[in-house]
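Please treat every number below as a calculation from the coordinates, not as lab data. Quantities reported herein were computed from a predicted structural model and do not represent experimental measurements. Don't worry about glycine lacking a Cβ; one is built from the backbone with ideal geometry, like all the others, and counts go over all protein chains shown.
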Amino acid sequence: MSEKNKGRFIVFEGIDGSGKSTQIKKISKRLAGFGYNVYSTFEPTDGPIGSLIRQMLSGKLATDQRTIASLFAADRTDHLVNQENGIGLKVHQGEIVLCDRYYFSSYAYHAQHIDMKWVIHANSLNADILRPDVTIFIDVDPDLCFERIKSSRNNFDMYEKIDVMKKVRANYFQAFDTLKDLEKIIIIDGNTTMERVEDRIFNEVKKIIKGDSKI
Ligand code: TYD
């Protein structure tokens, strides 16, 4: 398959409340308007391993951080290779895959508890299977993210949550630096209106899709 007709794998990353899912919906609509086949997906998945992970994240199932980091890597492998709706299949079929979180989420979140090198190693098979054409990080000040999510959730410790967000953001930047020679990473300033962020993201997505005449 020529490069021109191949699909694309575009990953969105950011801390909680950074607006990833809203932006994915908007970008997906815009691309569909140009006639592209767009497939939006997310991690943890809604498959069997992802469901197990969600039960652990909610506290319904007790776990430990190494187990959960390993499960995220396994969920990701299934997300890539499963023959029903795997990302590999979609890209091969020429679709533009927009994915809400991928392995950089693992590097940023799990490095709070375990060595980042280990997490990168645990995901090396996934990186070998499919590296994103681009990872778009929507960078939003943790204080602003906290303000955004405060209204939709109740009853969590404000300082603890902000501290976690700051740590996760710092881990993202550490991972970007570690992997800068292997990965294409675009950082978008998300501390502005959703419309401006959308335009900035769309410009980057266009560059990735260029070579195709639709845009
Ligand atoms: P997500 O569904 O994006 O959060 P939300 O419920 O706010 O929409 O992700 C759920 C959580 O999973 C999020 O806090 C980040 C975490 N996570 C990891 O810890 N490791 C990973 O590899 C991924 C993909 C997510």
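Given +1 at the Cβ of Lys and Arg, -1 at the Cβ of Asp and Glu and no other charges, the dipole of the stretch 93-195 around its Cα centre is 240 debye to the nearest 20. For the stretch 8-17, backbone phi angles converted through the Karplus equation (6.51, -1.76, 1.60; θ = phi - 60°) give residue-by-residue couplings of 10, 10, 10, 10, 10, 10, x, 6, 4, x Hz, Gly and Pro being listed as x.
Averaged over all directions, how much area does the convex hull of the C-alpha atoms of the chain cover when projected, in nm²?
Values: hull surface 47.9 nm².
Projected area, direction-averaged: 12.0 nm².
Taking each DSSP H run with n ≥ 4 as -39500 (n - 2.57) and averaging over every residue of the chain yields -16000 deg cm²/dmol at 222 nm.
Projecting the Cα atoms of I187, I96, S58 onto the charge dipole of the chain, computed from C-beta unit charges around the Cα centre, puts I96 farthest toward the positive end.
What the Cβ-Cβ distance of K29 and Q93 gives, at R0 = 22 Å and to the nearest 0.05, is a FRET efficiency of 0.60. For the stretch 8-208, a crude dipole built from +1 on the beta carbon of Lys and Arg and -1 on the beta carbon of Asp and Glu, taken about the Cα centre, is about 340 debye to the nearest 20.
What's the longest piece of the chain with no exposed trypsin sites (Lys or Arg not before Pro), counting a site as exposed if DSSP puts it in a loop and it has at most 10 other beta carbons within 10 Å?
Values: sites that count: K60, R153, K180, K210, K214.
The longest such stretch corresponds to 61-152.
Within a straight-line Cα-Cα reach of under 25 Å, K161 can be paired with the following lysines, leaving aside sequence neighbours fewer than 8 residues apart in one chain: K20, K60, K117, K150.
Gain on full extension, evaluated as 0.36 nm per residue between K117 and D189 minus their Cα-Cα distance, stands at 23.2 nm. Think of the stretch 8-208 as having a plus end and a minus end, set by charges on the Cβ of Lys, Arg, Asp and Glu; of L80, L144, T22, T22 sits farthest toward the positive end of this dipole.
Hey, what did the chain get for relative contact order, percent, Cα under 8 Å, at least 6 apart? Provide the component values of the computation, followed by the final result.
On the way: 303 pairs, mean separation 68.0, N = 215.
Relative contact order, the chain: 32 percent.
Taking each residue as 0.36 nm, the span from E204 to D141 lengthens on full extension beyond its C-alpha to C-alpha distance by 20.6 nm. In this calculation the C-beta distance from D163 to Q65 is compared with R0 = 25 Å, giving a FRET efficiency of 0.90. For Y39, nonlocal amide neighbours, meaning residues 5 or more places apart or on other chains whose placed amide H falls under 5 Å from its own, are I96, V97, L98.
Could you tell me which of rounded, prolate or oblate describes the stretch 81-155, using a ≥ b ≥ c as the square roots of the eigenvalues of the alpha-carbon gyration tensor, with rounded for a/c under 1.5 and, failing that, prolate when a/b is larger than b/c and oblate otherwise? Oblate, because a/c is 1.5 or more while a/b does not exceed b/c. In this calculation the C-beta distance from Q55 to Q174 is compared with R0 = 25 Å, giving a FRET efficiency of 0.30.
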